[in-house]
Amino acid sequence: MSYVDEVYDRVVKQNPGETEFHQAVKEVLDSLKLVIDANEESYRKMGLLERLVEPERIISFRVPWVDDNGQVQVNKGFRVQFNSAIGPYKGGLRLHPSVNQGILKFLGFEQVFKNSLTGLPIGGGKGGSNFDPKGKSDREVMAFCQSFMTELSKYIGADQDVPAGDIGVGAREIGFLYGQYKRLTGLYEGVLTGKGLTYGGSLVRTQATGYGLVYILDEMLKDNGKELAGKTVVVSGSGNVAIYATEKVHQLGGKVVALSDSCGYIYDKDGINLDLVKEIKEVRRGRIKEYVEEVPTAVYTEGTGIWSIPCDVALPCATQNELNLEDAKTLKANGCFAVAEGANMPSTREATDFYLENGILFMPGKAANAGGVATSALEMSQNSQRLSWTFDEVDERLHKIMVQIYAKTASAAERYGVKGNYVAGANIAGFEKVVEAMTAQGIV
Ligand code: NDP
Ligand code: 2IT
């Protein structure tokens with residue numbers, strides 16, 4: 001059996017039930033076959049892949065807090081510190097009822113390669129809780145965040161592990177978490193990114209993942225003789241990534257006609273009114289269906305199904321495995337020619353294979369959504385310098401980073417004879433830097 005298959009079998013056996021983690025590992029290892037086969041003997045002897053798929057550390061803890069009725073609630077808290085070969089652990093915190101150790105391991109594993117691709121000195125990690133912020137009062141969210149940080153603070157630090165936002169964690173949660181970290185440790189340091197602008201946050205971090213997604217999409221389209229201007233775009237989700245992807249698509253002359261949340265999706269043939277979406281989602285914390293109350297020509301449909309709306313470009317920006325093989329076939333049948341992933345692993349493996357086999361230009365999440373964490377790393381640099389850069393300066397750096405990620409991804413694919421396969425390209429390019437750093441640092 002090949003080394004790669006052996007390691008995959010071992011991952012399935014030793015991490016039972018963690019299906020998303022298995023899926024993420026399989027996709028990476030399959031791409032790496034091209035590289036591993038050439039170096040099999042030395043990699044095997046060094047246990048390189050066994051070390052790569054095993055998190056350096058997982059912290060798992062109890063999070064007790066008191067709700068508005070005086071009732072004690074208990075959630076699970078986690079931090080997966082996956083790989084610190086190229087820098088301190090870096091990656092978001094997710095608050096969603098679906099969170100479990102397997103999901104955070106998949107996200108942490110992806111983060112290692114994504115962070116490597118940014119070219120910046122950040123290792124990979126991820127954390128979170130099965131706490132559901134939906135419908136909670138601000139006081140309840142604060143009580144949860146303070147309890148969560150009370151435990152987490154023992155394991156993080158500006159040069160050790162630097163969490164940020166992800167699903168369910170935005171400016172409000174980062175503020176509560178930061179306040180509690182400072183209170184417990186007495187340190188005013190860049191221990192979190194995505195902070196508010198008055199206490200060490202970076203301009204552009206809020207927009208960064210969505211903007212970065214569209215910057216790399218634009219690069220991919222141009223390199224393939226196409227352009228975004230005039231194109232119809234469907235974006236799933238209506239959270240941080242979806243909103244700022246929509247904003248940048250509109251700035252570059254494309255038209256986003258659909259957005260969704262976990263209840264359903266809206267279709268506005270005239271193009272989404274983003275100010276209204278921001279008001280509903282960022283201010284009111286409401287549901288996407290409220291859009292049609294104010295735009296009567298738009299249509300709301302309950303449930304999944306957003307991928308049935310005809311488009312040229314699809315940008316899945318909600319969650320993992322939200323786009324399956326049937327959806328991919330529907331997109332293709334309706335004329336969609338490009339997919340770029342704002343979310344982490346939103347396409348199932350079958351959908352991904354379908355894009356590659358059917359000539360759909362496809363940029364996988366670990367390259368496409370790397371603008372968020374890259375800008376987090378820029379926030380860390382500013383914190384270390386005790387300076388704040390202007391919006392334009394950060395935005396220019398973000399743009400340059402996304403252009404470089406595209407170039408690295410495309411050229412790694414070409415080097416290994418799979419031109420245009422950006423899945424292989426991103427996995428290989430991300431892997432190369434991590435492996436070099438791991439090898440140099442000995443058996444750790
Ligand atoms: P938000 O919490 O701001 O928004 C998430 C959106 O996705 C909401 O519209 C939400 O709907 C929807 N959603 C979440 N879970 C589900 C689900 N199980 N089924 C259907 N819809 C769902 O999160 P972000 O925008 O920050 O994150 C979106 C994706 O982007 C995630 O995959 C995240 O890992 C990834 N990402 C985020 C980065 C960041 O900087 N924030 C960086 C890189 C990647 P509802 O409100 O109904 O739950
Ligand atoms: O998935 C991701 O890259 C994020 N949620 C952002 C991580 C970060 O540290 O900014």
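Karplus-based coupling profile of region 420-437, in residue order and whole Hz: x, 8, 6, 5, 4, x, 5, 5, 5, 4, x, 4, 4, 5, 4, 5, 4, 5, with θ = phi - 60° in 6.51 cos²θ - 1.76 cosθ + 1.60 and x standing for Gly or Pro.
With the simple spin-label model, which puts each label point 7 Å out from Cα in the Cβ direction, the Asp270 to Val403 separation comes to 3.7 nm.
Once the C-beta distance of Val283 and Asn321 is scaled by a Förster radius of 25 Å, the resulting FRET efficiency is 0.25 to the nearest 0.05. Counting heavy atoms of the protein chains alone, Ser84 has an accessible area of about 40 Å² for a 1.4 Å probe.
Solvent-accessible area assigned to carbon and sulfur over the chain amounts to 50 percent, based on a 1.4 Å probe.
Taking a point 7 Å from the Cα of Ser2 along the Cα-to-Cβ direction, the residues of region 20-34 with backbone N closer than 20 Å to it are 22-34.
With the cut-off at 21 Å, report for region 46-183 the share of all Cα pairs above it, as a whole percent. Before the final figure, lay out each step's value.
Values: 3678 of 9453 pairs.
Considering region 46-183, 39 percent of its Cα-Cα pairs are separated by more than 21 Å.
Relative to a virtual label point 7 Å from the Cα of Ala229 in the Cα→beta-carbon direction, which members of region 235-251 show backbone nitrogen distances below 17 Å? Inside the label zone: 248-251. How long is the gain from Arg62 to Ala158 if the chain were fully straight, where each residue apart is worth 0.36 nm and the alpha carbon distance is subtracted? Extra length available between Arg62 and Ala158 comes to 32.2 nm. State the Cα centre-to-centre distance between region 417-444 and region 160-193 in whole Å. If you average the Cα positions of each part, the centres end up 30 Å apart. Per-peptide packing, taken as the mean over residues of other Cβ atoms within 10 Å, places 118-131, 415-428, 304-317 in the sequence 118-131, 304-317, 415-428 from highest down.
Solvent-free Debye calculation, one equal scatterer per alpha-carbon of the chain: log10 I(q)/I(0) at 0.07 Å⁻¹ equals -0.32.
Calculate how many DSSP beta bridges within the chain are antiparallel, expressed in % of all such bridges and rounded to the nearest 5. Each step should come with its number before you reach the end.
Working: 24 of 43 bridges.
In the chain, DSSP labels about 55 percent of beta bridges as antiparallel.
On the beta carbon distance between Lys182 and Glu294, with R0 = 56 Å, the FRET formula returns roughly 0.90. Under the criterion of Cα pairs below 8 Å and six or more residues apart, the relative contact order for region 37-103 equals 25 percent. Measuring between their Cα centroids, region 307-383 and region 57-131 lie 22 Å from each other. In this rough spin-label picture, where each label sits 7 Å from Cα along the Cβ direction, the Ser381-Thr439 distance is 2.7 nm.
Relative to the current alpha-carbon distance between Gln251 and Lys222, full extension at 0.36 nm per residue lengthens the span by 8.8 nm. Panel note: the C-alpha atoms of region 267-397, placed on their principal axes, show extents of 51, 41, 22 Å (largest first). Our helix-only sum for the chain, with -39,500 (n - 2.57) per DSSP H run of n ≥ 4 divided by its residues, gives a mean residue ellipticity at 222 nm of -15500 deg cm²/dmol. With springs only between Cα atoms under 10 Å, which of Leu192, Leu276, Leu117 fluctuates most in a Gaussian network model of the chain? Looking only at Leu192, Leu276, Leu117, the largest GNM fluctuation is found for Leu276.
Could you calculate, for region 367-432, the ratio of the Cα radius of gyration to the Kirkwood radius, expressed as Rg to Rh? Can you show the working numbers first?
Working: Rg = 14.2 Å, Rh = 12.9 Å.
Rounded to two decimals, Rg/Rh equals 1.11.
Based on alpha-carbon atoms, the Kirkwood radius and the radius of gyration of region 86-151 give Rg/Rh equal to 1.07.
The values are calculated or read from the model by the stated rules, or taken from the named source; none is laboratory data. Given the structure is predicted, the values throughout are model-derived calculations rather than measurements. Note: ideal-geometry Cβ built from the backbone for every residue, glycine included; neighbour counts use all protein chains shown. Keep in mind that these areas ignore ligands, DNA and RNA; they rest on the heavy atoms of the full protein, side chains included. Shrake-Rupley method; radii C 1.70, N 1.55, O 1.52, S 1.80 Å.
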